[in-house]
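Q: One structure, as structure tokens, below. Some questions next.
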Amino acid sequence: MKFGSSQFNAFHLGTWVLVGIALFSQAAMAQRGSNNTSNTPGRATTPTRTPPTPDVSAQPMFISGKVMLEGGGTLLEPVAIERICGGVTRREGYSDSKGQFEFQLGLNLGFQDASENDSRLTPGNTPRSGNNSNRRPLDLTGCEFRAVLAGYQSSTAILRTSGDTWQFDIGTIFLRRMGDAKGTTISVTSMVAPKDAMRAYEKAQKVKTEKPAEAEKDLTKAVQIYPQFAAAWTLLGDIHRQSEQLEDARADYTRAIAADPQFVNPTYGLAVISMQEKKWDEAIRLTDQVLKLNALAYPLAYFFNAAANYNLQKFDAAEETGKKFKAMDTQHSHPDVCLLLSYIYSRKQDYAGAAREIRDYLAAAPNSPNAEALKTDAKRFEDLDVSAKKE
């Protein structure tokens with residue numbers, strides 16, 4: 001049985017996805033900030049959470065520690081530090097280029113994602129002091145800390161509170177590189193960056209969310225001091241891209257690639273721009289490059305590649321990379337891939353597969369505002385499959 005245009009249009013109107021640009025720009029921007037699990041765009045819409053109410057009675061707490069590469073290697077540039085409490089993830093700050101970090105819990109509001117909320121933690125403006133006998137300690141039972149760097153898996157450090165201590169050294173967090181890819185997410189050019197350039201880069205990392213204009217100035221200073229500073233060019237590209245200065249971003253990423261061709265991050269940035277601009281052939285080429293350099297660093301490149309191929313009606317290629325991304329997304333952070341696969345299967349007249357993918361999406365995102373419409377679409381595909389088998 002043929003899948004007629006009226007049936008396809010009904011299905012198209014009954015869903016909220018996917019091939020448009022909004023999904024891709026959302027997901028990509030978030031992943032550049034935290035490639036692992038702290039930001040999860042692409043999920044079904046959820047109600048906005050109310051930010052925690054400041055609790056001035058809570059004792060401020062200070063956390064310190066170190067991040068190292070597994071095997072004893074030292075980091076060459078800052079990495080993000082996240083806290084996980086009761087399944088809620090919050091970015092607290094960054095290490096310096098030597099891997100050392102120290103911060104007051106909850107103070108870095110600029111790092112907090114809009115979906116994050118932890119009423120146990122209150123940002124404090126209190127000067128650092130141990131003499132706070134009238135304040136109660138924060139309840140951080142079971143909280144863990146991890147580092148976030150694309151292409152690396154982090155160990156976790158458990159916060160163990162005791163007595164009246166308000167200052168904690170959580171020890172060393174180790175990062176283990178995933179896979180044996182030729183591309184890296186740490187540029188070798190950072191090894192020889194002058195101190196002044198590195199200081200400007202580290203400063204930009206810390207303020208990029210709250211004060212992107214200030215970060216831009218710091219990064220401009222860094223690349224003026226050291227024009228081969230690939231990591232600084234890439235972060236400058238991220239800032240320009242997120243402010244819709246796409247030509248400047250493209251130039252920044254290109255400079256980064258010229259400085260360090262094995263540094264995968266700027267190529268991913270160019271791929272995101274091509275998705276935003278709906279340049280599908282370019283998007284396929286660039287995501288292919290990312291996947292060849294280091295597929296584990298940016299698994300969303302599979303998703304983008306699938307969507308770009310779908311838009312060019314290359315359904316077999318779209319199915320292949322879409323299925324790879326779905327298999328890698330074990331936490332169902334981006335269930336939208338199921339809807340993309342459903343589109344692909346419907347175009348290939350695999351109605352059972354199309355229905356199955358919608359059901360998978362609903363299992364991962366049961367509170368989707370489009371759940372009822374999607375259930376109707378799934379039932380329609382199941383009926384089409386039954387009819388096709390009878391012919």
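Q: Read through the list (1) more than 28 Å from residue 330 (Cα to Cα); (2) surrounded by 24 or more Cβ atoms within 10 Å (Cβ to Cβ); (3) out of contact with any Phe, Trp or Tyr (no Cβ under 7 Å at 6 or more places or on another chain); (4) among the small types (Gly, Ala, Ser), then give the number of the only condition that residue 232 fails.
A: All conditions are met except number (3).
Q: Which fully enclosed helices (runs of 4 or more DSSP H) of region 214-284 have 2 or more residues being touching a His at 6+ places or on another chain (Cβ under 7 Å)? Spell out how you get there, then give the answer.
A: On the way: elements: 230-242, 246-259, 264-276.
By residue number, 246-259.
Q: Given (1) modelled with pLDDT under 95; (2) open to solvent by 70 Å² or more (accessible area, probe 1.4 Å), identify the lone condition not met by residue 202.
A: Here residue 202 clears every test but (2).
Q: One residue is enough: does region 270-286 have a residue meeting the conditions closer than 23 Å to residue 374 by Cβ and out of contact with any helix residue (DSSP H, G or I) (no Cβ under 7 Å at 6 or more places or on another chain)? Break it down stepwise before answering.
A: The initial filter retains those residues of region 270-286 that are closer than 23 Å to residue 374 by Cβ, namely none.
Looking through region 270-286, none of the residues is closer than 23 Å to residue 374 by Cβ and out of contact with any helix residue (DSSP H, G or I) (no Cβ under 7 Å at 6 or more places or on another chain).
Q: Residue check: is residue 323 under 26 Å from residue 271 (Cβ atoms), open to solvent by 20 Å² or more (accessible area, probe 1.4 Å) and free of Cβ contacts under 8 Å to residues at least 24 places away in the same chain? Can you show your working first?
A: Working: under 26 Å from residue 271 (Cβ atoms): yes; open to solvent by 20 Å² or more (accessible area, probe 1.4 Å): yes; free of Cβ contacts under 8 Å to residues at least 24 places away in the same chain: yes.
Yes, satisfied.
Q: Filter region 212-227 for residues that are surrounded by 15 or more Cβ atoms within 10 Å (Cβ to Cβ) and among the small types (Gly, Ala, Ser) and give the result.
A: Selection gives 215, 222.
Yes/no matrix, rows are residues, columns are (1) modelled with pLDDT of 95 or more; (2) out of contact with any strand residue (DSSP E or B) (no Cβ under 7 Å at 6 or more places or on another chain); (3) under 24 Å from residue 293 (Cβ atoms):
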| residue | (1), (2), (3) |
| --- | --- |
| 180 | no, yes, yes |
| 186 | no, yes, yes |
| 207 | no, yes, no |
| 217 | yes, yes, no |
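Q: Report yes if residue 91 is at pLDDT below 75 and surrounded by 15 or more Cβ atoms within 10 Å (Cβ to Cβ), otherwise no.
A: No, not satisfied.
Q: Taking the condition of being assigned to a loop (DSSP other than H, G, I, E, B) and either open to solvent by 90 Å² or more (accessible area, probe 1.4 Å) or within 14 Å of residue 243 (Cβ to Cβ) (or both), how many residues in region 177-199 meet it?
A: Final tally of qualifying residues: 2.
Q: While we're on this one: So residue 310 ticks every box in (1) touching a residue at least 40 places away in the same chain (Cβ under 8 Å); (2) surrounded by fewer than 23 Cβ atoms within 10 Å (Cβ to Cβ); (3) more than 18 Å from the chain's Cα centre (by Cα) but one. Which box is left unticked?
A: Residue 310 satisfies all of (1) touching a residue at least 40 places away in the same chain (Cβ under 8 Å); (2) surrounded by fewer than 23 Cβ atoms within 10 Å (Cβ to Cβ); (3) more than 18 Å from the chain's Cα centre (by Cα) except (2).
Here is a yes/no grid of residues against (1) in contact with a Ser or Thr (Cβ under 6 Å, 6 or more places away or on another chain); (2) charged (D, E, K, R):
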position	(1), (2)
271	yes, no
278	no, yes
288	no, yes
313	no, no
325	no, no
329	no, yes
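Q: When residue 334 is evaluated against the numbered criteria (1) crowded, with 22+ Cβ neighbours inside 10 Å; (2) within 20 Å of residue 385 (Cα to Cα), which criterion, by number, is the only one it fails?
A: Here residue 334 clears every test but (2).
Q: Of the conditions (1) under 17 Å from residue 79 (Cβ atoms); (2) in a helix (DSSP H, G or I); (3) open to solvent by 30 Å² or more (accessible area, probe 1.4 Å), residue 209 satisfies every one except a single condition; which number is it?
A: Result: residue 209 passes all but (2).
Q: Given the criteria more than 21 Å from residue 186 (Cβ to Cβ), open to solvent by 10 Å² or more (accessible area, probe 1.4 Å) and under 19 Å from the mean Cα position of the chain (by Cα), does residue 244 qualify? Spell out the reasoning first.
A: On the way: more than 21 Å from residue 186 (Cβ to Cβ): yes; open to solvent by 10 Å² or more (accessible area, probe 1.4 Å): yes; under 19 Å from the mean Cα position of the chain (by Cα): yes.
Yes.
Q: Give me a count of the residues in region 255-294 that are acidic (Asp, Glu) and open to solvent by less than 40 Å² (accessible area, probe 1.4 Å). Reasoning before the result, please.
A: Kept after step one, since they are acidic (Asp, Glu), are these residues of region 255-294: 260, 277, 281-282, 288.
Within this subset, residues satisfying the condition of being open to solvent by less than 40 Å² (accessible area, probe 1.4 Å) are 260.
The number of residues fulfilling the criteria is 1.
Q: Return a yes/no flag: does region 217-234 have any residue that is farther than 16 Å from residue 75 by Cβ and touching a residue at least 60 places away in the same chain (Cβ under 8 Å).
A: No, because not a single residue in region 217-234 is farther than 16 Å from residue 75 by Cβ and touching a residue at least 60 places away in the same chain (Cβ under 8 Å).
The values are calculated or read from the model by the stated rules, or taken from the named source; none is laboratory data. Not measured: the values here are computed from a predicted model. Don't worry about glycine lacking a Cβ; one is built from the backbone with ideal geometry, like all the others, and counts go over all protein chains shown. To get the accessible areas, we keep the full protein, side chains included, count just its heavy atoms, and leave off ligands, DNA and RNA. Shrake-Rupley method; radii C 1.70, N 1.55, O 1.52, S 1.80 Å.
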